[in-house]
Structures are given as C-alpha cells and as structure tokens.
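The values are calculated or read from the model by the stated rules, or taken from the named source; none is laboratory data. These numbers were taken from a predicted model, which means no experiment stands behind them. So basically every Cβ, Gly included, is an ideal-geometry build from the backbone, and we count neighbours across all protein chains shown.
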Protein chains: 2
Amino acid sequence: MQSGQTDAHPLDGTASVNVGAVPMIEVLRGGQVESVHTGHAVICGPDGEIVAAWGDPSAVIYPRSSCKMLQALPLLESGAADALTPAHLALACASHSGGAIHTDLAGRWLADLGLSEGDLLCGCQEPSDRSARNGLIRSDAAPCQLHNNCSGKHVGFLMLNQRLGGGADYVDPAHPVQRAILQAFEDITQEASPWFGIDGCSAPNFATSVTGLARAMASFAAADSEGNARERAAVRLHRAMAAHPDLVAGQGRACTDLMRAMDGQAAIKFGAEAVYVAILPGQKLGIALKIVDGGVRAAEAAITALLIRAGVLDAAHPAALARLGGEMRNWRGISVGQIRTAAGFA
Amino acid sequence: MQSGQTDAHPLDGTASVNVGAVPMIEVLRGGQVESVHTGHAVICGPDGEIVAAWGDPSAVIYPRSSCKMLQALPLLESGAADALTPAHLALACASHSGGAIHTDLAGRWLADLGLSEGDLLCGCQEPSDRSARNGLIRSDAAPCQLHNNCSGKHVGFLMLNQRLGGGADYVDPAHPVQRAILQAFEDITQEASPWFGIDGCSAPNFATSVTGLARAMASFAAADSEGNARERAAVRLHRAMAAHPDLVAGQGRACTDLMRAMDGQAAIKFGAEAVYVAILPGQKLGIALKIVDGGVRAAEAAITALLIRAGVLDAAHPAALARLGGEMRNWRGISVGQIRTAAGFA
C-alpha cells in the first residue's frame, strides 16, 4: 500500500525538506531570539490516521537511527531472536555511547553467535561515554567497532544473516538482510520508500514521510502482545527500549534521561539530522518529527514538548527542563538564555 | 548614527531572526536533500554601502565571538597595547582551541601584566585541542581558565582595565571596559545596539544587524595603516589575525584552515550560533552572515562560498572542499553525501 503521495509534496524528490516547515524551537539569549529551528511533526493514532501535525506531514526524510526498532523486526519475526533478552533487543535499537555496558553486551552477543568484532561493518568510532573515552586515551588504545554507536544494530543484522544465509556484506542494499528490512519498513510505514541513503554506520537508510514514520510508531504503540508475529515483535522491542534506557543511549543522553523520566510510559529514539520518534503504548499513539536544519538540541526540545503535551512527561522534571524551558548556563554557570517552543508549536 | 531600522525589521525585538531568511546551505545524502539551513548574509563596501545581500540585511543578531576584533579596538586605541606583538593581538581576537600555543601565550601575557589566571572571569573549559585535552585526561587534571576559548580576549580586557582603572569585574556591562567597547561597537557598526546578551565567557555581547556587522568589517578592510587611531588599530588587528591563523582558532578549525588557504588575503572569524565575518583588505570589503538555526557546518560552508565568490579562496583547495562541495564520509570512509549551496545563494 502506498500513501503519502500528494501534489503538495510528491515522493519523487522535486520538493525539498524545508518546504512547509514551521518554526518549532527558539533559542533565546538576553531575552531575545538568537536562533530559530523549523520542522515537521506528526502524531498518528492506532489506525494510522493523523491526530495532530505541524509543518508538512508528507515531508520526506531519512529516519536515520530513529527507525532501528523497525530494522529489528525481521530478526524477531524470523524466530532467530526468541532467546534474546530485552537487554539484547534494547541494544539492537540503540545509538549507544560506547560505554562498558554497551561494548560488553555487544561483545558477548557476538561471541554467542560464534562471531567477532571483525565481522562487523559499522566502522570504528570514539565512544561518547566519558569513562570509556578517557580509558582509551589513558591506555593509548584506539576505539574498535564495538564502540560504534550502531554496533548493537549490526550484531542484530549478523544474527539475522545467520538465519537467512546471506553473504558477509550484510549492509549491501541487495543483501537478504536489507531486503527483508525494506519489506518490513514499507509494510509498517504503509509507504513505498522513494529512495535510500547510506548511514554513518554503512547500513542503508530508507526514506519515508514524517507521517509514514509516525504511522509505524503508532503501529508499535497499538501492537497486541498476543497478536501476530509482527505485533509480538513490536511489543518486545518497545518494551525492551523502555526497560533499558541506559542501553538505548547512555548516561546524560536525551533518550536515556527522558525515558527514565517517563518511567516506562514511552519508548523514544533519536535519529541523526534531528529526527525523533516516540511510541506511546498507553494511548496507542506514535510520534515522528524532523528538524529541517538537523539541529540536535531542537529535536530534543521538540520531542520533549510533544511528550509533555501527550501527558507522559512532566515539564518540571529536570530531564525535561534540561532540554526545554530550563536555564541555559555559560562556562561560569551564569544563566544566559533558554530554549522554548515557537508560537503555534505543541 | 542609527541605521537598520526599517518597517520590515525594526530594531525593537518585534520581529524574529528567522524572518526573511533564505535557504543558503543544503546537506545531501544519497543524492537527496536531507537538511536545509537558512540565513542572512551581507557584503559591504568601504563606504558602508551594501554591495550584495541575501535574506534580510536588517536582521538583528548577536555577533558572539565574530566581533572580538571590534571588542579589541579600545585596547589598541588607548595606547596600552603599543608593545603587543601580532601574536598577542591574534590571541585577543581568538576563539582558540586551548592548545599549548594558546595557553602558553595567554599565561605569559597575564604574567607580564602582573596578573594571574585567577584574575580572569571567563570560566574554565575543556580544550578542544586533542593533545591538550588528552594531556589533561592522562594527568587527571582539570582545565583552567586559560583553556577557555575566550581567554585571550579576556587578557585584553584586563590589560585595558589597567589603563582605565576600573574594578575587578571587568565583564559587568557598566564597567568602563565594557562601556568603551560598546562605544566603539556602535561607532563602527554605525548603529545603536538595541540590546545585549551575556556570552558563554560572561562578557556582554552587543546586538547589531547583519549589515552593521558587515559594515564594521568593511571599515576594517578599508582602514589606512597610516590613518587615525581607529584605522591603525583595525589594520594591526586584521593583519595579526591573518598572520596567525593558528592562534585565532587551532589545528583543523575552519578559521585556521581557511585563512591558511587564503594566504593572508582575508581575516575571518566565527561566532557562536553560526555567525561568520570576513575582512577583505584587498577589495575593501566586509562580509557578515548568520545561519538562523545556529548550525556551525552551515556557517562554515556559507563563508567558504562567499570567499570563493570574492575570489580570495580556491574552491578546489582541500580546506574549502572539507566545508563545501567535498565528499561527506562515514565511519568507514565511504562517501555518503555532501554539503552544497542552495539555489540562489552565492
């Protein structure tokens, strides 16, 4: 089933992601607006209908890491992951900080598959986890692929590949792993993906509209734990994310802090270039947003605003204030400004 | 003399910085536009007239660090800095990386004034210079105020304060140092500054229009080395910046790399929240731009485009390609996209 193709924003690349974007987040200094971020956001209900939207719901984006739980569906639906714990599943959906909790689990998982770090194709990346980073510096050691924020996703790809029997290059768009992912992605977004890009971790990243992405999140939110294979997989995945916020990102990161603040009421996930999604099972709602300029702080502020609006996040919680509405402080801790929503948003 | 007050964008805070902004920089992945940055840019000639503009030339912004050479004018005009070398002046204009070359010079300069790190009010900041950062980590040492990217500017404030005889809190907007800076700032932008904010380093940052900032840069570009005190100060400052690109920023940073690539033809300076300025003495031109969302990569790409357009930067130079037009590579070095100018810009 294809949807999202309208005259206003054809899924054929002739319009650009900034078309129809609206101001969403303002950064103030000295009481004046210093910078502004525009974007698109959609909230979908359980039948995939748009419940609320800002900007152009049909804007086409790369979900980037925000769709890792969608990329994990074929693994779970194959039955190959039946014995995986929620921690494994959370790591498969993670853009983690490369801390010990992340690399230890990724390493053990690989070993349990009879594989090693050399089988990964995500590339090396210095961990953002301070302790891990500093440890590498002190020992003059280079980061390895386990430290790559996408390593959990890639171990999941390798596990699925053992079931599908494809070749070693599991990130090739023509590889059975990626073809299975594309199929699931198009099914759950209910759109034909118009194109794909290559992600930072070398995996293909399939484009969809902001509505398609929100619709997929709503499907996860509405999934029945005793439903069909896809629904059971979706429930396992979003529950795993909400149960292991530390694995999905890491200390001090927005996904981790906000999920902890919401105490299991939502699973949320950031994607590079300022994409954010949320799965709200209690209300069977899915949220997706894209900040057009790619600004991380604005995506974090915007998802915070939408989670507050949905009643699952307390605006006064320190994790929320740190991203929206709290005081911005300078190098001496002096309050210099703040981040707020633009008029008309959330 | 006030200027910049028009119906379209009054200098009274009722409009917002995003009004009138135009797409300037596009980020592509897989051949599709993934993110877009909008902004304003102005090129002024020696008489302060607008030679070229994009977006709204009257948009009001905080110059942030891009105006450090303006903030240094009172120091030089006071005569207190007559014995300072170009290296000192470059450091006074710098947002440096906190490397040894920066902290050593800042420390010596302070000592020569009979002062110490404790007299600074910029706050501590972990250096972005890798070697300095790693050295601190290895020795379990905390960064000090010398590492703060604005420490050179602050030593300049302290030196001026010794001449003016003000109190210890030289960042108080009412302090003689800051009052002298505001006077020079308004004179050279030819605008009454409508408001100020507090910068990351705790110094006041006076707002002006993009045109006011470009006009100030053009004044520097057109200044006669044998002219009045202000002109002689301006020439000393921009020549010092161009002669010491490593001090103005640091290894791998855009200001450093691009100034090296231009081999003295221009002095350029970045300001937080994506402001960039350029002083082109050969053509007596000044440039100022603001990317509305604060995106650093877009400010770097946009100033690169304008320097190429002005004929002072080779588009094929690696330093230029790294910011505009070159291949964007992922964690495995695979080409995944690029940054380009939007249609209609530069």
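With a requirement of 1 or more residues that are among the polar types (S, T, N, Q), the helices (runs of 4 or more DSSP H) lying completely within the range B:50-101 that satisfy it span B:68-71. Scanning the range B:74-91 for residues that are of a type in the set (A, V, I, L, M, F, W, C) and either buried (at least 24 other Cβ atoms within 10 Å of the Cβ) or in contact with an Asp or Glu (Cβ under 9 Å, 6 or more places away or on another chain) (or both) yields B:Leu75, B:Leu76, B:Leu89, B:Ala90, B:Leu91. Residues in the range B:68-95 that are under 18 Å from B:Leu247 (Cα atoms) and either within 14 Å of chain A (Cβ to nearest Cβ) or hydroxyl-bearing (Ser, Thr, Tyr) (or both): B:Thr85, B:Ser95. Considering every residue within the range B:2-12, establish whether at least one is over 24 Å from B:Gly200 (Cβ atoms), buried (at least 19 other Cβ atoms within 10 Å of the Cβ) and modelled with pLDDT of 95 or more. No.
Conditions (1) of a type in the set (Phe, Trp, Tyr); (2) without any contact (Cβ under 8 Å) to a residue 40 or more places away in the chain; (3) more than 11 Å from chain A (Cβ to nearest Cβ); (4) in contact with a strand residue (DSSP E or B) (Cβ under 9 Å, 6 or more places away or on another chain), marked per residue:
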| position | (1), (2), (3), (4) |
| --- | --- |
| B:Cys150 | no, no, no, no |
| B:Val155 | no, no, yes, no |
| B:Pro173 | no, yes, no, yes |
| B:Ser209 | no, no, yes, yes |
| B:Arg236 | no, no, yes, no |
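Scanning the range A:40-80 for residues that are within 17 Å of the chain's Cα centre (by Cα) and on the phi > 0 side of the Ramachandran plot turns up just one, A:Arg64. Report, by residue number, each residue of the range B:311-346 that is touching a residue at least 60 places away in the same chain (Cβ under 8 Å) and of a type in the set (Ser, Thr, Tyr). Across the range B:311-346, the qualifying residue is only B:Thr341. Exactly one residue out of B:Ala254, B:Ala266 is within 19 Å of B:Ser219 (Cβ to Cβ) and either modelled with pLDDT of 95 or more or buried (at least 24 other Cβ atoms within 10 Å of the Cβ) (or both): that is B:Ala266.
Only one entry in A:Leu182, A:Leu136 is among the aliphatic types (A, V, I, L, M), more than 30 Å from A:Asp47 (Cα to Cα) and at pLDDT 95 or above, namely A:Leu136. The residue list A:Gln145, A:Gln183, A:Gln162 contains one member that is within 25 Å of A:Asp112 (Cβ to Cβ), out of contact with any Cys (no Cβ under 6 Å at 6 or more places or on another chain) and polar (S, T, N, Q), which is A:Gln162.
Checking each residue in the range A:106-132 for being facing chain B (nearest Cβ under 9 Å) and over 23 Å from the mean Cα position of the chain (by Cα) picks out no residue at all. Is there a residue in the range A:73-94 that is out of contact with any helix residue (DSSP H, G or I) (no Cβ under 9 Å at 6 or more places or on another chain) and within 19 Å of A:Arg230 (Cα to Cα)? Within the range A:73-94, one or more residues are out of contact with any helix residue (DSSP H, G or I) (no Cβ under 9 Å at 6 or more places or on another chain) and within 19 Å of A:Arg230 (Cα to Cα). Check whether at least one residue in the range A:278-289 is among the polar types (S, T, N, Q), more than 17 Å from the chain's Cα centre (by Cα) and outside any strand (DSSP E or B), and report yes or no. Yes, there is a match, as at least one residue in the range A:278-289 is among the polar types (S, T, N, Q), more than 17 Å from the chain's Cα centre (by Cα) and outside any strand (DSSP E or B). Looking at the range A:185-200, is at least one residue small (Gly, Ala, Ser), touching a Pro at 6+ places or on another chain (Cβ under 9 Å), at pLDDT 95 or above and buried (at least 24 other Cβ atoms within 10 Å of the Cβ)? There is no residue in the range A:185-200 that is small (Gly, Ala, Ser), touching a Pro at 6+ places or on another chain (Cβ under 9 Å), at pLDDT 95 or above and buried (at least 24 other Cβ atoms within 10 Å of the Cβ). Taken together, the residues in the range A:299-346 that are touching a helix residue (DSSP H, G or I) at 6+ places or on another chain (Cβ under 6 Å) and part of a helix (DSSP H, G or I) amount to 4.
If the condition is being part of a helix (DSSP H, G or I) and in contact with a Pro (Cβ under 7 Å, 6 or more places away or on another chain), then the range A:201-225 contributes A:Val210, A:Thr211, A:Leu213, A:Ala218, A:Ala221, A:Ala222.
Annotation: B:Val19 fulfils all but one of (1) under 21 Å from B:Gly271 (Cα atoms); (2) away from chain A (no Cβ under 13 Å); (3) surrounded by fewer than 20 Cβ atoms within 10 Å (Cβ to Cβ); the unmet one is (2).
The one condition from (1) closer than 22 Å to A:Val155 by Cβ; (2) more than 14 Å from chain B (Cβ to nearest Cβ); (3) surrounded by fewer than 16 Cβ atoms within 10 Å (Cβ to Cβ) that A:Ile181 does not meet is (3). Got a number for residues in the range B:298-339 being surrounded by fewer than 20 Cβ atoms within 10 Å (Cβ to Cβ), more than 12 Å from chain A (Cβ to nearest Cβ) and basic (Lys, Arg)? Residues flagged as surrounded by fewer than 20 Cβ atoms within 10 Å (Cβ to Cβ), more than 12 Å from chain A (Cβ to nearest Cβ) and basic (Lys, Arg) within the range B:298-339 amount to 1. Taking residues in the range B:37-58 that are away from every other protein chain (no Cβ under 14 Å), and partners anywhere that are of a type in the set (D, E, K, R) and surrounded by fewer than 24 Cβ atoms within 10 Å (Cβ to Cβ), the pairs with Cβ atoms closer than 7 Å and at least 6 places apart or on different chains are B:Gly45/B:Lys284; B:Pro46/B:Lys284. What are the residues in the range A:30-61 that are under 19 Å from A:Arg297 (Cα atoms) and surrounded by fewer than 24 Cβ atoms within 10 Å (Cβ to Cβ), if any? A:Gly30, A:Gly31, A:Gln32, A:Val33, A:Val36, listed by residue number. Restricting B:Ile50, B:Ile61, B:Ile25 to residues that are under 22 Å from B:Thr256 (Cα atoms) and either out of contact with any Phe, Trp or Tyr (no Cβ under 9 Å at 6 or more places or on another chain) or β-branched (Val, Ile, Thr) (or both) narrows the list to B:Ile25. A count restricted to the range A:172-200 and to residues that are out of contact with any helix residue (DSSP H, G or I) (no Cβ under 7 Å at 6 or more places or on another chain) and outside any helix (DSSP H, G or I) stands at 9. For first residues located in the range A:184-203 and more than 7 Å from chain B (Cβ to nearest Cβ), partners that are acidic (Asp, Glu) and surrounded by fewer than 21 Cβ atoms within 10 Å (Cβ to Cβ) and lie 6+ apart or on another chain with Cβ distances below 7 Å form the pairs A:Ala192/A:Glu186; A:Ser193/A:Glu186; A:Pro194/A:Asp12. Could you look through the range B:255-297, keep only residues that are small (Gly, Ala, Ser) and farther than 18 Å from B:Gly311 by Cα, and pick out the one that is farthest from the other protein chains (Cβ to nearest Cβ)? In this case the residue turns out to be B:Gly271.
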